[in-house]
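See below for the structure under consideration.
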Amino acid sequence: MRLRILALAALAPLAACSTVKEAVSGPTLSQVGYPAALMPNDQSVLGSARLPGPQPASANSLWRTGARAFFNDQRASRIGDILTVQIDIDDSAKTTNATASSRTSGLKAGVPHLLGLETSLGKILPGAYDPANALETNSTTSNAGSGQVNRSEKISLTIAAVVTSVLPNGNMVIQGVQEVRTNTDLRQLTVAGIVRPEDISSANTVRHTQIAEARISYGGRGDISRVQKVPAGQSLIERFSPF
């Protein structure tokens with residue numbers, strides 16, 4: 001109990017410093033900045049790589065090789081380019097399990113003859129001792145269990161992401177953050193991952209199912225979110241309590 005009190009006391013100043021201003025004036029939007037690369041520093045990333053420019057039109061043709069538009073290819077291909085990510089998650093899962101087991105066992109044993117000692121045992125044991133019914137046991141066990149999981153998630157959002165790195169094979173690392181504040185509640189959408197150039201449509205959009213190593217986060221903070229959360233002290237006690 002003393003350790004719990006000390007832990008809560010140590011965390012109290014940190015929680016107070018970060019929430020006093022937010023409780024008074026509401027959450028503040030983050031500053032607009034260039035998103036950080038998703039890849040670790042020791043990974044081989046062409047940080048300044050640029051894809052070759054559009055090829056000139058061939059003789060007697062106005063169409064350039066590899067272009068998807070009449071004049072130029074508007075798809076994201078270089079560091080700093082912007083593309084649109086369409087997030088349309090509609091997942092559901094339902095699992096139902098039921099188990100039942102039972103067992104009944106019995107044992108009956110007697111010792112009518114034991115080297116002539118069965119009569120001597122009657123003098124030691126209670127008077128109701130019967131060598132023919134020396135031992136009798138019975139047991140009955142039963143077990144029943146059931147479980148059910150019913151989960152449904154649906155998110156339909158659109159966000160613009162920035163190309164932060166270009167890998168040696170041409171795949172691009174993207175990252176985007178979107179914040180929307182309504183009164184005193186702030187909603188934040190974050191997306192990051194790796195996309196292939198050929199998965200980007202001619203409208204410069206890509207679906208979330210085509211993003212490798214996708215990291216999608218949708219949450220927020222503010223008065224409404226704070227009320228819905230479990231208090232920090234209660235959360236710590238429930239997490240580390242052995243009972």
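The values are calculated or read from the model by the stated rules, or taken from the named source; none is laboratory data. Treat the numbers as computed from the prediction; the structure is a model and nothing was measured. Here the Cβ positions follow ideal geometry from the backbone for every residue, glycine too, while neighbour counts run over all protein chains shown.
Brief remarks follow.
- Restricting region 180-199 to residues that are over 21 Å from the mean Cα position of the chain (by Cα) and closer than 30 Å to Arg226 by Cβ, the residue that is surrounded by the most Cβ atoms within 10 Å (Cβ to Cβ): Leu186
- Any hit, region 109-119, residues being at positive phi and either modelled with pLDDT of 90 or more or not assigned by TED's automatic domain parsing to the domain that holds Gly222 (or both): yes
- If you go through region 202-226 and keep only what is part of a loop (DSSP other than H, G, I, E, B) and surrounded by 15 or more Cβ atoms within 10 Å (Cβ to Cβ), you end up with Asn204, Ile211.
- Within region 173-182, not a single residue is under 30 Å from Ala98 (Cα atoms), touching a residue at least 24 places away in the same chain (Cβ under 8 Å) and touching a Ser or Thr at 6+ places or on another chain (Cβ under 6 Å).
- When residues of region 52-102 are limited to those that are modelled with pLDDT of 60 or more, β-branched (Val, Ile, Thr) and loosely packed, with under 11 Cβ neighbours inside 10 Å, the one farthest from Arg215 (Cα to Cα): Thr99
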